[in-house]
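The values are calculated or read from the model by the stated rules, or taken from the named source; none is laboratory data. Keep in mind it's a predicted model, so treat the numbers as computed, not measured. Heads up, the Cβs are rebuilt from the backbone with ideal geometry, glycines too, and the neighbour counts pull from every protein chain shown.
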């Protein structure tokens, strides 16, 4: 049981990052010795050493930014806010950014409302974790026309319209492989049956990750993994819990529930724990260490993954500040320095090959298990 | 004359007008560009589909019923239009079918309420779950877009100047609704039914038919709003308009319509629509989070009834204390002096 | 045979029986579709799911009978679950009973606010509780600061409660939470039936004006109904915390509609004046069975389920109403016939008596 952090062989076309999780390889021991703990893994030095042509931000410029998550009140978005605060302090922006969001049940319409009114509110950049799919496009395009840039993070605008650049937490294609690897590592070489417990049926992130996982499963390496079905818990703990229970009733031979959502994964783990089934059925997916601690320690969820939302908020703020101050244009090939995270480059988004979309890739994934979860939970 | 004005202002509509003016004043001072045409258009555009459904919901509630299925119907009609378009049907046909579905299911709601005699809460709750389910079935986990330009332009670009089709439709429907409710036999019937369905039935009025018409209109108008929303957003998901029903009902109630039926005016409903649109717009531009917005509107909803009630009670008490002595004093010419003598303070 | 039964009871009393028949029919249907439907583990899961909506429904029935409604219950459940959860993470050694008392006190206060606004402020219940539905949720979001209550921070005893069992027979458990819910239902039914307070609620609901003129303490009783509803929602909040462990700001969102649906399906008149706890119990049973069984039904895709759920709710309500109205017709017919016969007999007797008088 070790933190699996690997070099990315595909570095050339993706980014300049030195460290990157690439799953699929099973020889984790080597790096584990050097990486050791999650804390180390969680605070990556990020980009390559600063080279000459990368743009640096000039602190102290006055720009008005809005951080717009899917909705307020859950930990990952709060962590992103912390990261953005940290960057804002570093950059000495005299205008504090607004951390606003709609209510959970009004997420789509609420985001569109904030976006439509952003130019009237005098915002230079809206930092958006898009929960509205393509439906945000008209308002985002209108905002761009009116001079408000749109930087997406966490969840992009699917076809890239109305979006200046997407700050990707990890490579979305890779998410599929990471999940398939965790499944294989938990179930063993002989594999087994598993089900996916997602957020809502139209959650763009989750859909992209699940699609990536289904693609990954086509690889003969995962031939023994059988995906039973995909169910949805709408990111509500009670509904996710009941869905997990229903999965248990429905599939007597199921050995794993894969939940690529921080609400779903804890709810599924709790359901298994209450049923006393943690020996027979495991839980994995994407979860916040602080919330998963107990389940990893008692064996319900031996392994799960996530990236740092603090870093994501930090990086997003940097990108937005640079755009707002005109230091970068938001064009392909531009390089910039994002404070403690190091140097990044804006590239075409390879996970959205059919459309014109730009991306800044953060990464890496951290795989959490019994060895590093406690430290990461803090 | 002055007293007449005071009494008029004391009415619900007057209260709403005052609230609206306060909100406008606040927004104008706090938000730059608030009164610009583009912002006012924006503010209408963002809530236009809700505003359209609100008109129909006013009829439903005044008739003493409720329709919880409106938002799900918006999602369903958008889903029907999108799914048909996706499978190759021309957009106008897709729109017509979507509207037909709305009217049809509305009629079905009305049938179960008026003819079978079920509680509208139960029937439309089934619709609330079921229509959304049908939308989910049609659109699944996808986002259907790529509509023809003329269609999305309807929702996004101005037809005359900056005014979009939706705004025109709302304006026309608002006039039609006001005239129908206040100046037609159908409107009077709606009130009578809402006041007491039993009385209406005994007086030979066709309660069932009127209710069925109202529910059909509610379904049709919701379907229209769903299609307009698809045009405005340019893409349809199964969750389109989710959760709108409570907002819509809230505005109707804030407009002074009694949940028990029989009471309310279209002017009040229109005022409260404009009030809530302005309030949301100001709060969003001022960077207030969605939760606080909802809380403020919730508080407004309670206070708008509570404060006049309490004020009315205080007035009542004062009046009683003043008028009691005068009642005891028989000679009319003395009552004036008697009152001034015993007046408190 | 039916005649004899109809002579003894009014059709309204059949309401519960009809609901029971509809529910049993549904159970039979799902049992034929879902393998191992009645296996102990599945049954235990299903019954445990009943506890929370049941407790909330009991409070809701009291309020609805008075011709009011409480839509804020879901926010009360969420808020009390979250607050007690936070309290337990921060305070070591808080006893289970103390935690329960805190949850119920939070519910009591929130319910009292509702009651004050409705009963003494004269604000219609729908408006008041739509407002507090939003307000209580805002308090939760502000209070939480985006922290999630997680099981890891909660004391161990709390994690043992969901599987705590009162009685077990052949693998079928009566879980503690379900036991508590049933006790609440029974107490609720006894209150409605035998306490003067309960009888007054019906009077207030069927004709508020008359109740006021008759000198019933209508305001106080409506206030009390809201307070009880809030307190029970607080209890449900505690159960929510125990059952789901992980509490986010969206906890219990949407529960209000589920409970109102169950109450209406259970035959409680939304315009006040009639309804029973047993009806509400069956309503909750019906709605929950539908929902949970659909989740487990392998025959249908994930995307069809809500459409089917809507249809089934409609069918259940319609079946209930139609059967009830048929029974009422039969009852009226039997009554009428009996009356006619009685009159005939009376006439015969009267003539007989007349003859006797004449003879005397």
Worksheet item: When you scan the range A:353-368, how many residues do you find that are farther than 19 Å from residue A:76 by Cα and either away from every other protein chain (no Cβ under 14 Å) or touching a strand residue (DSSP E or B) at 6+ places or on another chain (Cβ under 7 Å) (or both)?
Response: 6
Fill in: Criterion (modelled with pLDDT of 90 or more and surrounded by fewer than 24 Cβ atoms within 10 Å (Cβ to Cβ)) met by exactly one of A:95, A:152
A:95
Discussion item. Being assigned to a helix (DSSP H, G or I), closer than 21 Å to residue C:50 by Cα, modelled with pLDDT under 85 and within 13 Å of chain B (Cβ to nearest Cβ) is the requirement here; does residue C:312 meet it?
Written reply: yes
Worksheet item: Of the residues that sit in the range A:209-238 and are out of contact with any strand residue (DSSP E or B) (no Cβ under 8 Å at 6 or more places or on another chain) and within 11 Å of another protein chain (Cβ to nearest Cβ), which one is farthest from residue A:174 (Cα to Cα)?
Response: A:238
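Quick grid of which residues meet (1) under 9 Å from the mean Cα position of the chain (by Cα); (2) assigned to a loop (DSSP other than H, G, I, E, B); (3) surrounded by fewer than 22 Cβ atoms within 10 Å (Cβ to Cβ); (4) away from every other protein chain (no Cβ under 11 Å):
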residue	(1), (2), (3), (4)
B:231	no, no, no, no
B:239	no, yes, no, no
B:242	no, yes, yes, no
B:249	yes, no, no, no
B:252	yes, no, no, no
B:260	no, yes, yes, no
B:263	no, yes, yes, no
B:268	no, no, no, yes
B:271	no, no, no, yes
Worksheet item: How many of the residues in the range B:125-171 are part of a helix (DSSP H, G or I) and facing another protein chain (nearest Cβ under 10 Å)?
Response: 18
Item to complete: Filter the range B:281-292 for residues that are at negative phi and either more than 8 Å from every other protein chain (Cβ to nearest Cβ) or surrounded by fewer than 24 Cβ atoms within 10 Å (Cβ to Cβ) (or both) and give the result.
Response: B:282, B:283, B:286, B:288, B:292
Discussion item. Quick test for you: out of C:210, C:181, C:225, C:236, pick the one residue that is surrounded by fewer than 23 Cβ atoms within 10 Å (Cβ to Cβ) and either in a helix (DSSP H, G or I) or not assigned by TED's automatic domain parsing to the domain that holds residue C:75 (or both).
Written reply: C:210
Item to complete: Please work out which residue is nearest to the other protein chains (Cβ to nearest Cβ), limiting yourself to the range A:116-136 and to residues that are within 19 Å of the chain's Cα centre (by Cα) and part of a loop (DSSP other than H, G, I, E, B).
Response: A:132
Worksheet entry | Condition met for residue C:266 (within 14 Å of chain B (Cβ to nearest Cβ), surrounded by 19 or more Cβ atoms within 10 Å (Cβ to Cβ) and in contact (Cβ under 8 Å) with a residue 24 or more places away in the chain) | yes
Item to complete: Go through the range A:238-266 and count every residue that is part of a helix (DSSP H, G or I) and under 19 Å from the mean Cα position of the chain (by Cα).
Response: 5
Worksheet entry | Total residues in the range C:163-181, condition free of Cβ contacts under 8 Å to residues at least 40 places away in the same chain and under 21 Å from residue C:57 (Cα atoms) | 2
Discussion item. On the basis of being closer than 26 Å to residue C:309 by Cα and either at pLDDT below 95 or away from chain A (no Cβ under 14 Å) (or both), does residue C:255 make the cut?
Written reply: yes
Worksheet item: Restricting attention to the range C:67-79, does a residue exist that is out of contact with any helix residue (DSSP H, G or I) (no Cβ under 6 Å at 6 or more places or on another chain) and either touching a residue at least 40 places away in the same chain (Cβ under 8 Å) or within 22 Å of residue C:287 (Cβ to Cβ) (or both)?
Response: no
Discussion item. Show me the strands (runs of 3 or more DSSP E) found entirely inside the range A:312-378 where at least 2 residues are closer than 30 Å to residue A:186 by Cα.
Written reply: A:366-368
Worksheet item: Residues in the range C:116-125 that are assigned to a helix (DSSP H, G or I) and free of Cβ contacts under 8 Å to residues at least 24 places away in the same chain: how many?
Response: 1
Discussion item. Please verify whether residue C:54 is surrounded by 24 or more Cβ atoms within 10 Å (Cβ to Cβ), under 28 Å from residue C:206 (Cβ atoms) and in contact (Cβ under 8 Å) with a residue 12 or more places away in the chain, treating the condition exactly as stated.
Written reply: yes
Fill in: Hey, residue C:49 part of a helix (DSSP H, G or I), closer than 30 Å to residue A:253 by Cα and under 17 Å from the mean Cα position of the chain (by Cα) or not
yes
Worksheet item: Using beta carbons and a limit of 6 Å, which pairs, at least six apart or on different chains, have the first residue in the range B:234-246 and closer than 12 Å to residue B:83 by Cβ and the second one modelled with pLDDT of 90 or more and in a strand (DSSP E or B)?
Response: B:236/B:144
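This table checks each residue for (1) surrounded by fewer than 16 Cβ atoms within 10 Å (Cβ to Cβ); (2) at pLDDT 90 or above.
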| position | (1), (2) |
| --- | --- |
| C:18 | no, no |
| C:24 | yes, yes |
| C:42 | no, no |
| C:60 | no, yes |
Response to the item:
Given the conditions (1) part of a loop (DSSP other than H, G, I, E, B); (2) at pLDDT 90 or above, every one holds for residue A:235 apart from (2)
Discussion item. Please count how many residues of the range C:126-157 are assigned to a helix (DSSP H, G or I) and buried (at least 21 other Cβ atoms within 10 Å of the Cβ).
Written reply: 17
Discussion item. Checking residue B:84 against (1) facing chain C (nearest Cβ under 10 Å); (2) modelled with pLDDT of 95 or more: exactly one of these is not met. Which one?
Written reply: (1)
Worksheet item: Any idea which of (1) within 14 Å of another protein chain (Cβ to nearest Cβ); (2) free of Cβ contacts under 8 Å to residues at least 60 places away in the same chain; (3) crowded, with 24+ Cβ neighbours inside 10 Å is the one residue A:147 doesn't satisfy?
Response: (3)
Discussion item. So, residue B:43, is that one over 21 Å from residue B:257 (Cα atoms), modelled with pLDDT under 90 and under 19 Å from the mean Cα position of the chain (by Cα) or not?
Written reply: yes
Discussion item. Can you confirm whether residue C:122 is surrounded by fewer than 21 Cβ atoms within 10 Å (Cβ to Cβ) and under 25 Å from residue C:230 (Cβ atoms)?
Written reply: yes
Worksheet item: residue C:307 versus (1) part of a helix (DSSP H, G or I); (2) over 18 Å from the mean Cα position of the chain (by Cα); (3) in contact (Cβ under 8 Å) with a residue 60 or more places away in the chain: which is the lone unmet condition?
Response: (3)
Worksheet item: Since residue C:35 meets every condition but one in (1) free of Cβ contacts under 8 Å to residues at least 40 places away in the same chain; (2) not in a loop (DSSP other than H, G, I, E, B), which condition does it not meet?
Response: (2)
